[in-house]
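Working notes for the structure below.
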Amino acid sequence: MRIFLSPRERRTVEAFADVFIEGRHEALTPAEIGTNIDAQLGRVHSKRKASLRLVLWAIEYVVPLLSLRGPFSRLSRGARRQIIEKHLAGPRAGRLMHNLAKIRTLFLAGYYGDARVFPSIGFRAPARQSRYEPGELSPLGRPELTVQPPAAGETTIKADICVIGSGAGGAVVAALASVHGARVALLEEGRYVRTAELANDEPTMSALLYKESGLQTTVDLEMTILQGRVLGGTTFINNAICFRIDDPALVPGRDTLTQWAAFGARVPRDKLQASYDRVEQAIRARPLPETLAPAHADDPAGPNGDVLLRGWRTLRSRGVATQQFQSGVFRLNLNQCLACGYCNFGCPYERRLSTLETYIPTAIAHGARVVPECHAVRIETRGERATAVRATMADGRPLRVEADAIVVACGAIGSSVLLLKSGIKRNVGTRFSFNAATPVLARFPDRLDSFQGLQMTGFVDFGEYILESLFNPPMATSVAMPGWFATHFGRMRDYGRLACAGVVVGTQPNGRVKRCAALRDLFGPVDYRMAQPDLEAMKRGIAMLAQVYFAAGAEAVFPSTFLDHELPANRFAPSGILDREAIIQYIATSIREPADLTLSSAHPQGGNPMSDRPDLGVVDSSFRVHGFANLFVADASVFPTSIGINPQLTVMALADYAWHNCISQPRERRA
């Protein structure tokens, strides 16, 4: 086991764990929690671990000094608790202390990521659930892919097209180009993770599969940004949700393509619809019941999705809905899914139809060379042409890929960073946005066992925000649950009675991706702060979700806030009578700034916005970088605005459209 913590840091960790994990019948000792944290940090692949050392140093020396105390680990248990309450967990904690307090995530992972804790909270891992038949939890047996890292001494690859990134955008372009006879080199920074390496294990899988091992955030640390760093990209770890921009299942009014056209991004609606059709067929996107294995298809929404939809139907029957809202279950690209509840941590049963199961095998079958663990460092250019990609393999070997055309598909952050490092700066990193989400949990009188089902199944669309059912395994749930000490411990003991959903808001494009040099390793390149209108929409969504849960019979609702703001039913829904105005007012006064909320996004967008106006866009409507004849971008970074819905299908459809109508065409025809 790789050791990360120094002896001094280990003392700080154990001293903090001793008071933070507080309750009757704790399943782990502080030393065991410290061992788990040390092991997890040893698995993490991120230079940002250095910032954790700074936080631990501050907790050991700086925070106690504010109360004129000595080192944290040398204080009595009572004194340590007082310091945490006063400076980290309480209402007087300033912005710096607020950020230091996020270290709680590390301790929650160290405790609730351990299977020895599961019996105490009523969680049963899939292998211990009686709903599965013997042998049912088995992989389907997909063939292993043939990847081709450079051979010993090989430093140059020549190709017709070099595609950088193997996720929703890059894999589609690579497959289509290969099918049409092009020599394709597909570069991927992440590993090719085989099925045998996957497990229902949150700490290990998050370290293995996520960019920055799950530590990626905005510069101010207020937004966690979740992206895959693996062959297949984020499609390998997402929830397989397939929405179209103008999906009939959603509330009418998101005329995204018209908004984009006003910005100078012209994507013909009919051609995009044809691309949607082709992609949906390739990835087998179908309504949720059809994606489940027969033995698990009788209740497609599962207990957690059922609560959301049932509460919404009850609320609507009481006349709360005065507008035309939409609700239902998702359309997904899954195959005979077993609804194990671990979608965000890879599928050890091979039921997800990610690009690893669809487009990448097609590309390989038609001659594409797939090079994993290959980090693109710089695009070489000469005049108006991109000539090659300089890359570094994980073992340090340099690689140069010469190509007639280069397609950048590194994701909304990575593509901007790569262009900036290549000296391409005009408008790069601008109009960055998110589908921002915050979780809301609710406790019910009876057991739900929400973990026995898909993580995401049902939704209610209100136009300005979407409520999406989302239930996580214990570690991720503990991070979303507000509260400290015995309060948090007690709530997690009721894990089997919890429901959870997220409020999702498509944010304004007011963020920016920057190349920060040395500081980037600590704080990342994404400069973003949620705009006030987006925060207000988020607050309205939280208030509505609380009403939905009370209508479904919840006894308490827990917005995921920095300070604890529990909403008990006996105050906000006494005798089953919903006090809507009290809920709305309470949320409005309790949440005043983005830092008050737990915010995350798995859907960063923008950074290389599409516009035919060179003064606004990075790429034109043919996905070509302004000023270059053969350099393209085909991922979510080209979105001029957030689309407000799960973007996987749209990224894939745009990549399909880009290939058929732009990249494969001679430049004069594209014009």
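The values are calculated or read from the model by the stated rules, or taken from the named source; none is laboratory data. Just so you know, these numbers come straight off a predicted model, no measurement behind them. Here the Cβ positions follow ideal geometry from the backbone for every residue, glycine too, while neighbour counts run over all protein chains shown.
In table form, for the structure just shown:
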quantity: Residues of the range 107-136 classified as in contact with a helix residue (DSSP H, G or I) (Cβ under 6 Å, 6 or more places away or on another chain) and modelled with pLDDT under 95, total; calculated: 0
quantity: Breaking point among (1) touching a Pro at 6+ places or on another chain (Cβ under 9 Å); (2) aromatic (Phe, Trp, Tyr); (3) not assigned by TED's automatic domain parsing to the domain that holds Gly169, for Tyr586; calculated: (1)
quantity: Residue count for the range 292-342, restricted to those that are part of a loop (DSSP other than H, G, I, E, B), within 23 Å of Ile577 (Cβ to Cβ) and of a type in the set (Gly, Ala, Ser); calculated: 2
quantity: Verdict on Ala109 being surrounded by 17 or more Cβ atoms within 10 Å (Cβ to Cβ) and of a type in the set (Gly, Ala, Ser); calculated: yes
quantity: Residue within the range 553-570 that is in contact with a Leu (Cβ under 9 Å, 6 or more places away or on another chain), in a strand (DSSP E or B), over 30 Å from His45 (Cα atoms) and among the aromatic types (Phe, Trp, Tyr) present; calculated: yes
quantity: Selection within the range 273-298 - more than 30 Å from Leu137 (Cα to Cα) and in contact with a Lys or Arg (Cβ under 9 Å, 6 or more places away or on another chain); calculated: Gln273, Tyr276
quantity: Cross-chain or 6+ apart pairs with Cβ under 8 Å, the range 301-321 first and over 14 Å from Gly502 (Cα atoms), then of a type in the set (Phe, Trp, Tyr) and assigned to a helix (DSSP H, G or I); calculated: Gly311/Tyr549; Gly311/Phe550
quantity: Test result for Leu545, assigned to a strand (DSSP E or B) and touching a residue at least 24 places away in the same chain (Cβ under 8 Å); calculated: no
quantity: Qualifying residue in the range 629-636 (condition: of a type in the set (A, V, I, L, M), surrounded by fewer than 24 Cβ atoms within 10 Å (Cβ to Cβ) and on the phi < 0 side of the Ramachandran plot); calculated: yes
quantity: Subset of the range 52-81 [within 16 Å of Phe107 (Cβ to Cβ) and of a type in the set (Ser, Thr, Tyr)]; calculated: Ser73
quantity: Among (1) outside any helix (DSSP H, G or I); (2) out of contact with any Ser or Thr (no Cβ under 7 Å at 6 or more places or on another chain); (3) within 30 Å of Leu208 (Cα to Cα), the one test that Ser46 misses; calculated: (2)
quantity: Some residue of the range 318-326 being in contact with a helix residue (DSSP H, G or I) (Cβ under 6 Å, 6 or more places away or on another chain) and modelled with pLDDT of 90 or more; calculated: no
quantity: Among residues of the range 451-477, those that are assigned to a loop (DSSP other than H, G, I, E, B), closer than 13 Å to Asn646 by Cβ and either assigned by TED's automatic domain parsing to the domain that holds Arg286 or among the aliphatic types (A, V, I, L, M) (or both), counted; calculated: 2
quantity: Residue among Pro509, Pro482, Pro473 that is surrounded by 24 or more Cβ atoms within 10 Å (Cβ to Cβ) and either over 25 Å from Asn344 (Cα atoms) or in contact (Cβ under 8 Å) with a residue 24 or more places away in the chain (or both); calculated: Pro473
quantity: Failed condition for Pro71, given (1) over 20 Å from Phe485 (Cβ atoms); (2) crowded, with 17+ Cβ neighbours inside 10 Å; (3) at pLDDT 95 or above; calculated: (2)
quantity: Hey, Asp38 within 26 Å of the chain's Cα centre (by Cα) and assigned to a helix (DSSP H, G or I) or not; calculated: yes
quantity: In the range 530-563, the residues that are modelled with pLDDT of 95 or more and over 20 Å from Val307 (Cα atoms); calculated: Met530, Ala531, Gln532, Pro533, Asp534, Leu535, Glu536, Ala537, Met538, Lys539, Thr561
quantity: Conditions (1) more than 18 Å from Val172 (Cα to Cα); (2) under 25 Å from the mean Cα position of the chain (by Cα); (3) surrounded by fewer than 21 Cβ atoms within 10 Å (Cβ to Cβ); number of the one not met by Asp270; calculated: (2)
quantity: Filtered residues of the range 303-336 (kept if closer than 25 Å to Ser138 by Cα and surrounded by fewer than 23 Cβ atoms within 10 Å (Cβ to Cβ)); calculated: Pro303, Arg331, Asn335, Gln336
quantity: Top-ranked residue of the range 94-120 - restricted to ones that are more than 24 Å from the chain's Cα centre (by Cα) and among the small types (Gly, Ala, Ser), ranked as nearest to Phe523 (Cα to Cα); calculated: Gly94
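Per-residue answers, yes or no, for (1) closer than 28 Å to Gly506 by Cα; (2) in contact with a helix residue (DSSP H, G or I) (Cβ under 7 Å, 6 or more places away or on another chain); (3) assigned to a strand (DSSP E or B):
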{"site": "Val389", "(1), (2), (3)": "no, no, yes"}
{"site": "Thr392", "(1), (2), (3)": "no, no, yes"}
{"site": "Gly396", "(1), (2), (3)": "no, no, no"}
{"site": "Val401", "(1), (2), (3)": "no, no, yes"}
{"site": "Leu420", "(1), (2), (3)": "yes, no, no"}
{"site": "Lys425", "(1), (2), (3)": "yes, no, no"}
